[in-house]
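The values are calculated or read from the model by the stated rules, or taken from the named source; none is laboratory data. Note that the coordinates shown come from a computational prediction; the quantities given were computed from them, not determined experimentally. Please note: Cβ atoms are built from the backbone with ideal geometry, for glycine as well, and neighbour counts cover all protein chains shown.
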Amino acid sequence: MSSPAQKFPSQFPIELEPRVPARGDPRSRVSPVSVGRRAHGISTATSKVGLTDICLSYRAQSGERLLALDHINLQVKTGEFLCVVGPSGCGKSTLLHLIAGLHQQTSGQILVDGRPVEGPGTDRILIFQEHGLFPWLTVGENVEFGMKMKGMPKAERQEKTRHYLRLVHLAKFEKSYIHQLSGGMRQRVAIARALATEPDVLLMDEPFAALDAQTRDLLHDELERIWNETGRTIIFVTHNVREAVRLGDRVVLLTFRPGRVKSEFPIQLPRPRHLEDPAVAGTAREILDELRDEINRSLEAEYNDGVKPHIDPEVEEGVSA
Amino acid sequence: MKRAARYIIFYSALFGLWTLLAELKIWPPYLFPTPWGVAESLYAGFQDHTYWIAIRVSMQRVLIGYGISVVLGMILGLGVASNKFLEETMGGLLVSLQSLPSICWWPLALLWFGLNQNAILFVVVMGSLLSVTLAMEDGRKQMPKIFGQAGRNLGASGFKLFWYVLLPASLPFIVSGLKQGWAFAWRSLITAEMLYLSLGLGQVLMMGRDLNDMSAVIAVMLLIIAIGYVVDGVVFKGMERHLQNKWGLTPAS
């Protein structure tokens, strides 16, 4: 499953990747291999985010301990757009929460820039499926929030807020409240709010799942453009394989309960891509074939239990005053 | 228009009934005063500044007492909501204490603080603290988890997380509790003021009784109702409307 390079992470960075890597490699056939396209055996040296043997277990209501994530090993390179797909209940959202530092893994290590994750930090911003914007603040104040927490002076904050709102084409809505916006606009505000804290890593948890098809297409284009312009590392979780192929440099497939890395697919189709591209559809079908077993297992479990698999590690999120 | 008409009809009927009963003189005027008598008392009370002073003193007390309740109640409620041990132990105590009328604390308050304003404030705090605490606890639990997570994710922690995220996020869920706390504070205050020479509205009410002046008693009762109503209708309704506008909750009207 994992390459020798991943098993023995190099201690010394040999070379640094450029912040914005070259995009649009020539298309080539896709085959499930475990290492991405730019990893020539030294992959861990340039890892932005490194997950080593991540396990997460939690106590179910019945009292028994259930394993949600099972020895996840993943290396994400600087500037890479990584998509994680899997059936619902595979723990892919939980994985993002772990990287964000909102929850704690049971065992294993998460490194960001070589440093272990110990709680939330503004170098990794999570974009939630239900956007998580603050309804008591205006659009502008929402975007400002992270910078305000950092203690940035007001003038600078407002300057940046306007910049990021322009980036997501919402400059006119600075004074609006969240409930006055459409679903797609809200997700764009969430992206602007995340970018405004200038994180190195954007963690996106099925951000477009609740949107209609047209809005989603548009946001795919915008996200790709913003990624190109800002050079961020993006880890994007979705259950939509075609979306993953449309966006990702690499697609990682997780198994159903417990979540394990089943296979990885480097996507080398030229950008910009479209959801309807035959090449995108074809690649998606290959991945779907692999995924089908897992989906069936997840559906089976749903029918048998009569309960939707729901992974919620019991972690207190109270005030740490 | 229709609503205004209904109001006018109802209140003029009530007023007419009162006048009729008073004019029939079934009971002597010192037991059952006429509306004019009450109006005269009101006028006289404001004229010689008794009512102004009483209102000022009472409002000051209720603001201090209620303010203490809100601050303490928020801390307590947040503590109970985010700590399992506190929730299991203190949660039940808080609920059972709420069945105790706040004036029951008066004898203890007298012993602890002496016959002065602090004893009154203590009764006011005890009257409203529990509602605020329970409201805060409930609000903290009802508040969607995602706000806390998003706040921490964006770099808020400790007091900043409470002040900029948890408190505003739970406001729509605690505003009715805050309102209830206010009502309890107001009632506790008037009760406590009636028990001792305090200059407040409660004492002015008792003064009416001592002078056998029922017009004055009813005049003060009307004042107490009016102040309670105005605070409820202006301050809390305004707050609710403001929250509805921001959050986009459907307004009641």
Among B:Gly200, B:Gly155, which is touching a Ser or Thr at 6+ places or on another chain (Cβ under 8 Å) and either within 14 Å of chain A (Cβ to nearest Cβ) or surrounded by fewer than 19 Cβ atoms within 10 Å (Cβ to Cβ) (or both)?
B:Gly155
Given the conditions (1) within 26 Å of the chain's Cα centre (by Cα); (2) surrounded by fewer than 21 Cβ atoms within 10 Å (Cβ to Cβ); (3) not aliphatic (A, V, I, L, M), report the number of the one that A:Glu174 does not fulfil.
(1)
Considering only region B:168-196, how many residues are surrounded by fewer than 20 Cβ atoms within 10 Å (Cβ to Cβ) and under 18 Å from B:Trp105 (Cα atoms)?
6
With the structure loaded, tell me whether A:Pro153 is buried (at least 24 other Cβ atoms within 10 Å of the Cβ) and either free of Cβ contacts under 8 Å to residues at least 12 places away in the same chain or not hydrophobic (A, V, I, L, M, F, W, C) (or both) or whether it fails that test.
no
Determine whether region B:180-203 contains at least one residue that is in a helix (DSSP H, G or I), touching a residue at least 24 places away in the same chain (Cβ under 8 Å) and farther than 17 Å from B:Arg61 by Cβ.
yes
Take A:Pro120 and tell me if it is in a loop (DSSP other than H, G, I, E, B) and crowded, with 24+ Cβ neighbours inside 10 Å.
no
Residues to consider are A:Ile72, A:Ile110; find the one that is part of a strand (DSSP E or B) and either among the aromatic types (Phe, Trp, Tyr) or surrounded by 24 or more Cβ atoms within 10 Å (Cβ to Cβ) (or both).
A:Ile72
Long-range neighbours under 8 Å by Cβ, at least six apart or interchain, first residue assigned by TED's automatic domain parsing to the domain that holds A:Leu95 within region A:253-275, second of a type in the set (Lys, Arg) and part of a loop (DSSP other than H, G, I, E, B)
A:Leu254/A:Arg260; A:Pro266/A:Arg37; A:Gln268/A:Arg27; A:Gln268/A:Arg37; A:Leu269/A:Arg27; A:Pro270/A:Arg27; A:Arg271/A:Arg23
Please verify whether B:Ala226 is in contact (Cβ under 8 Å) with a residue 60 or more places away in the chain and in a helix (DSSP H, G or I), treating the condition exactly as stated.
no
For A:Glu302, work out the one condition from (1) more than 23 Å from A:Leu96 (Cβ to Cβ); (2) more than 14 Å from every other protein chain (Cβ to nearest Cβ); (3) modelled with pLDDT under 80; (4) surrounded by fewer than 16 Cβ atoms within 10 Å (Cβ to Cβ) it doesn't fulfil.
(1)
Those residues of region A:87-104 which are at pLDDT below 80 and of a type in the set (A, V, I, L, M, F, W, C) amount to A:Cys90
If you take the residues of region A:229-288 that are more than 27 Å from A:Glu130 (Cβ to Cβ) and small (Gly, Ala, Ser), which of them is nearest to the chain's Cα centre (by Cα)?
A:Gly231
Condition first: touching a helix residue (DSSP H, G or I) at 6+ places or on another chain (Cβ under 7 Å), closer than 18 Å to A:Arg232 by Cα and at the interface with chain B (Cβ under 10 Å from one of its Cβ atoms). Now tell me which residues in region A:121-146 satisfy that.
A:Thr122, A:Arg124, A:Ile125, A:Leu126, A:Ile127, A:Phe128, A:Gly146
Note on region A:83-105: residues of a type outside the set (Gly, Ala, Ser) and either more than 25 Å from A:Asn296 (Cβ to Cβ) or part of a loop (DSSP other than H, G, I, E, B) (or both) are A:Pro87, A:Cys90, A:His97, A:Leu98, A:Ile99, A:Leu102, A:His103, A:Gln104, A:Gln105
Restricting the first residue to region A:180-194 and requiring it to be without any contact (Cβ under 8 Å) to a residue 12 or more places away in the chain and on the phi < 0 side of the Ramachandran plot, which pairs with a second residue that is surrounded by 24 or more Cβ atoms within 10 Å (Cβ to Cβ) and part of a helix (DSSP H, G or I) meet a Cβ separation below 9 Å and a spacing of at least six or different chains?
A:Gln180/A:Val139
Would you mind listing the helices (runs of 4 or more DSSP H) fully within region A:180-249 where at least 2 residues are crowded, with 23+ Cβ neighbours inside 10 Å?
A:183-196, A:241-247
Please enumerate the residues belonging to region B:54-101 that are of a type in the set (D, E, K, R) and over 20 Å from B:Gln117 (Cα atoms).
B:Lys84, B:Glu87, B:Glu88
Just to verify a result, which residue in region A:173-217, among those that are touching a helix residue (DSSP H, G or I) at 6+ places or on another chain (Cβ under 9 Å), among the hydrophobic types (A, V, I, L, M, F, W, C) and over 24 Å from A:Leu98 (Cβ atoms), is farthest from the other protein chains (Cβ to nearest Cβ)?
A:Leu211
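A quick yes/no check of all residues on (1) charged (D, E, K, R); (2) more than 14 Å from chain B (Cβ to nearest Cβ); (3) more than 25 Å from B:Gly148 (Cα to Cα):
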| site | (1), (2), (3) |
| --- | --- |
| A:Ser62 | no, yes, yes |
| A:Asp70 | yes, yes, yes |
| A:Val76 | no, yes, yes |
| A:Thr106 | no, yes, no |
| A:Gln109 | no, yes, no |
| A:Pro116 | no, yes, no |
Of all helices (runs of 4 or more DSSP H) completely enclosed by region B:69-167, which ones contain at least 2 residues that are more than 18 Å from the chain's Cα centre (by Cα) and under 30 Å from A:Pro135 (Cβ atoms)?
B:84-97, B:117-142, B:145-153, B:158-161
Looking at (1) facing chain B (nearest Cβ under 9 Å); (2) in contact (Cβ under 8 Å) with a residue 24 or more places away in the chain, can you tell me which one A:Leu165 breaks?
(1)
